[in-house]
Amino acid sequence: MPNPTKTLAVTGSLNMDFVVQVERLPAPGETALGHDFRMIPGGKGANQACAAGKLARNARVRMVGRVGCDTFGDHLKASLVAAGVDVASVQATADQATGIAEIWVERSGQNSIIVAGGANAKLSPADVESVSEVYAAAAVSLFQLETPLETVEAALRASRAAGAVTVLDPAPARPLPASLLALVDVLTPNESEARILLGRPPERVGVKEAREMAQALRALGPRAIIVKLGDQGCLYSDGKDEFVAPGFPVEAVDTTAAGDTFNAALGVALCESLPVPDALRFANAAAAISVTRLGAQSSAPSRDEVDAFLNERPQ
């Protein structure tokens, strides 16, 4: 008899992204001319759920979050459904608009983002309790930090109690309580997020410093650390094994949601019980494809695209 379908739960934000291309990011007080405006479904939680829905073959992806009672909320849910995501646990909030993000993307692919959370701020521990069956069924649970910390911690606790692998993308970066970090199986900061979690000034780091930071981060409570290093790939450390999973060189067009795509792919790979090196290679490939395209959810690749990408690049 085949194994039952595993569930990948994603708890987090849903935003409508307003994306404008610019020649360069404006300085404070400067007015810059943009072009190619697009309205694209986003939000770190929804980005991860959408990407996971596109990548999953044998996993059911379920989203937990809040939107407003407005057109943007309807559009965000429809986008997730189109990607194969179950949105039954995305609730509507009458007194808050759906979250939005304004994103400026310059020619190099770098971006600047301002988020107005709206209904995301209303996602509560009571909401987590009301959809407890989502967490009870989860094999892997993905989290980010665009919803209240007490809600993230409640959902982490519910997932851990059910035996799920908990994966936290600590973005937007902020100091986190020990009680929350103790519930994290895999923490996946990028370079600047790792430094902020450790109380250090954010700046570009190399592999050597990433190794030291991973050890310091594990001391805060998570069982394993993955430091995302952009085009260098990522560093994995769990106290027993430590290695760099190399990235894939591509021409970046827009780095928006590359980290979300990485985490989604990682979650799918863990659901499929891939060995960690293979899971990271799969996640690096998905993220590499995503940066060659504009937008958040629109940049996430399909499973067939990632498989083809990897087949063309044998280990």
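General observations
- Unmet requirement for A158, which otherwise passes all of (1) crowded, with 22+ Cβ neighbours inside 10 Å; (2) at pLDDT 95 or above; (3) under 19 Å from the mean Cα position of the chain (by Cα); (4) among the aliphatic types (A, V, I, L, M): (3)
- Breaking point among (1) under 19 Å from A173 (Cα atoms); (2) surrounded by fewer than 18 Cβ atoms within 10 Å (Cβ to Cβ); (3) of a type in the set (S, T, Y), for S130: (1)
- Scan of the range 269-278 for residues that are in a helix (DSSP H, G or I) and either hydroxyl-bearing (S, T, Y) or buried (at least 18 other Cβ atoms within 10 Å of the Cβ) (or both), ordered by number: A269, L270, C271, V276
- Scope the range 192-238; condition over 20 Å from the mean Cα position of the chain (by Cα) and among the polar types (S, T, N, Q); matching residues: Q215
- Hits in the range 55-108 (condition: assigned to a strand (DSSP E or B) and of a type in the set (K, R)): R60, R62, R66
Every residue, every condition in (1) outside any helix (DSSP H, G or I); (2) within 22 Å of A83 (Cα to Cα), yes or no:
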residue	(1), (2)
E212	no, no
L220	yes, no
F243	yes, no
V250	yes, no
T261	no, yes
G267	no, yes
A286	no, yes
R293	yes, yes
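- If you check T98, T93, T71 for being modelled with pLDDT of 90 or more, polar (S, T, N, Q) and crowded, with 24+ Cβ neighbours inside 10 Å, only one passes: T98.
- Unmet requirement for P201, which otherwise passes all of (1) modelled with pLDDT of 95 or more; (2) surrounded by fewer than 19 Cβ atoms within 10 Å (Cβ to Cβ): (1)
- Flag if A51 is over 23 Å from the mean Cα position of the chain (by Cα), among the hydrophobic types (A, V, I, L, M, F, W, C) and either more than 23 Å from S124 (Cα to Cα) or part of a loop (DSSP other than H, G, I, E, B) (or both): no
- Residue that is in contact (Cβ under 8 Å) with a residue 24 or more places away in the chain and of a type in the set (S, T, Y), where the choices are S302, S273: S302
The values are calculated or read from the model by the stated rules, or taken from the named source; none is laboratory data. The model shown is predicted, which means the values in this text are computed figures rather than measured ones. In this analysis, Cβ positions are derived from the backbone assuming ideal geometry, glycine residues included, and neighbour counts consider all displayed protein chains.
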